[in-house]
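The values are calculated or read from the model by the stated rules, or taken from the named source; none is laboratory data. Values in this document were obtained by computation on a predicted structure and should not be read as measured data. Please note: Cβ atoms are built from the backbone with ideal geometry, for glycine as well, and neighbour counts cover all protein chains shown. Calculation scope for accessible area: heavy atoms of the full protein, side chains included, ligands and nucleic acids excluded. Shrake-Rupley method; radii C 1.70, N 1.55, O 1.52, S 1.80 Å.
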Amino acid sequence: MDEEKRITLRLPADLHAWLAAQARSARRSLNSEIVYRLELERDAAVADAESP
């Protein structure tokens, strides 16, 4: 990441708890877990757009 932006993100409590648990099991911070998952989705969307 060349530049970082801060945002305020509102999540349903159950989604927050699930993401926090996923982050703990992967030994990542909650922020890192969210970025990791968003990057996976972005990469999949780009791959889908590029495939014939």
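Miscellaneous remarks
- Checking Leu11 against (1) over 14 Å from the mean Cα position of the chain (by Cα); (2) part of a loop (DSSP other than H, G, I, E, B), the condition it does not meet: (1)
- Looking across Leu15, Leu30, Leu11, one residue alone is out of contact with any Leu (no Cβ under 8 Å at 6 or more places or on another chain) and either among the β-branched types (Val, Ile, Thr) or free of Cβ contacts under 8 Å to residues at least 60 places away in the same chain (or both). It is Leu15.
- Residue identified as open to solvent by 100 Å² or more (accessible area, probe 1.4 Å) and not basic (Lys, Arg) among Leu11, Leu19, Leu30, Leu38: Leu38
- Answer from Arg24, Arg28 - the residue that is among the basic types (Lys, Arg) and not in a loop (DSSP other than H, G, I, E, B): Arg24
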